[in-house]
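S.K.: Pasting in a structure now, in structure tokens, and then I'll have a few things to ask.
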Amino acid sequence: LCVTEFYTATRHTVLNERNFYGIVSVFEHPVKIDGKDVTARYMRHGTTVHGYQILDPKYETTLTSYYGKDGPLGDVFAHFHPHNIAVVGLGTGTVNCYGAPDNKLTFIDIDAAVVKIAREQFTYLSKCHAGKPTRIIIGDGRLELARLKGEKFDLILLDAFSSDAIPTHLMTEEALRSYLERLTPNGVILLHISNRFFKLERILAATVAAVRLQNKYDFAQ
């Protein structure tokens, strides 16, 4: 599947919503899939796109952007086959398309507007995961995970690191130790830390080393 994106000055704005956490926008513009022109719908929070969906029914459950099966997240699912998954950061809900009849996903997002828009403007939550209802918790990811006492996850995905704001409390030593309390013995903590303003790799690697988790970061680089 080959997807080509190109932005136009006449892209169609679907909605803009502002709250305490900033401005969430939904807009549409054309993309090409295998040479065919189709429309994609995007969610943007602040200055960063937080996922998009191809509106053509043939492709609407396609995993897009950095959530694709050929990317790091796809590699984790293919290798570890997690059954109980917690995702901090909902976005458009794309990760729900990794749902299968034998696994369970829990999304946590602090912004109720993002949850509302994901449900009403995108169909990943309704069309993926074999139609199973998806649990969504509104609140701070670190605090809400800590409240899920008695639950263990095979994968904890922290996907809240982007744009202008860095929720640094999600990547402290104390935070990582609290995630370990919610993790199964062979579980995985996966953090998405790409950012246009800060290089977080060295900071995170030092924190990971402090709690004695596996770390391959080369501090000499």
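Since every read-out is calculated from the coordinates, none of them should be taken as a lab result. Computed from a predicted model, the values in this text were never measured in an experiment. With ideal geometry, Cβ positions are generated from the backbone for all residues, glycine too; neighbour counts draw on all protein chains shown.
S.K.: For Val211 and Ser126, FRET efficiency with R0 = 45 Å and r from the beta-carbon atoms, rounded to 0.05? Present the calculation step by step, with values, prior to reporting the outcome.
M.R.: Numbers: r = 38 Å, r/R0 = 0.84.
In this case the efficiency is close to 0.75.
S.K.: Just for the Cα atoms in segment 44-203, what are the lengths along the principal axes, largest first, rounded to whole Å?
M.R.: 44, 37, 29
S.K.: I've got another one for you. Lys149 to Asp34: FRET efficiency via 1/(1 + (r/R0)^6), r the Cβ-Cβ distance, R0 41 Å, to the nearest 0.05? The partial results should precede the final answer.
M.R.: Details: r = 48 Å, r/R0 = 1.16.
With a Förster radius of 41 Å, E is 0.30.
S.K.: Here is a follow-up. Restricting to Cα pairs below 8 Å that are 6+ residues apart, what does the relative contact order work out to for the chain? Please round to a whole percent. Walk me through the numbers on the way to the answer.
M.R.: Details: 394 pairs, mean separation 29.9, N = 221.
Once normalised by length, the contact order is 14 percent.
S.K.: Can I ask one more? Among the lysines, which have Cα under 19 Å from the Cα of Lys36 when same-chain residues fewer than 8 positions away are ignored?
M.R.: Excluding near neighbours in sequence, the set is Lys58.
S.K.: Quick check on packing: order 30-40, 124-134 by the mean number of other C-beta atoms within 10 Å, highest mean leading. Please list the in-between numbers first.
M.R.: Working: 30-40: 13.8, 124-134: 16.8.
In descending order of packing, they fall as 124-134, 30-40.
S.K.: Show me, for segment 72-77, the HN-Hα J-couplings you get by feeding each phi into the Karplus relation (A = 6.51, B = -1.76, C = 1.60, θ = phi - 60°), rounded to Hz, glycine and proline as x.
M.R.: Calculated HN-Hα couplings, in order: x, 5, x, 5, 5, 5 Hz.
S.K.: For the pair Phe80 and Phe20, what calculated FRET efficiency results from E = 1/(1 + (r/R0)^6), where r is the Cβ-Cβ distance and R0 = 41 Å, to the nearest 0.05? Show your work: numbers first, answer last.
M.R.: Details: r = 36 Å, r/R0 = 0.87.
Given R0 = 41 Å and the Cβ-Cβ separation, E is 0.70.
S.K.: From the phi angles alone, apply the Karplus equation (6.51, -1.76, 1.60; θ = phi - 60°) to segment 21-34 and give each ³J(HN,Hα) in whole Hz, x where the residue is Gly or Pro.
M.R.: Per-residue couplings from phi come out as 8, x, 10, 10, 10, 10, 9, 10, 7, x, 9, 10, 10, 6 Hz.
S.K.: Where nothing but the Cβ of Lys and Arg (+1) and of Asp and Glu (-1) is charged, how large is the charge dipole of the chain around its Cα centre, in debye to the nearest 20? Before the final figure, lay out the partial values.
M.R.: Values: 25 positive and 24 negative charges, 43 e Å.
Using Cβ point charges on Lys, Arg, Asp and Glu, the chain gives about 200 debye.
S.K.: Give the lysines whose C-alpha is closer than 30 Å to that of Lys199, dropping any in the same chain fewer than 8 places away, or say none.
M.R.: In chain and number order, the partners are Lys69, Lys216.
S.K.: Amide H neighbours of Val14 under 5 Å, counting only residues 5+ apart in sequence or on other chains, H built in-plane at 1.01 Å?
M.R.: When sequence neighbours closer than 5 places are left aside, the close amide H contacts are Val26, Phe27, Glu28.
S.K.: Now for a separate question. So how tilted is helix 112-121 from the main axis of the chain? Cα-based, degrees 0 to 90, rounded to 10.
M.R.: Once rounded, one gets 40 degrees.
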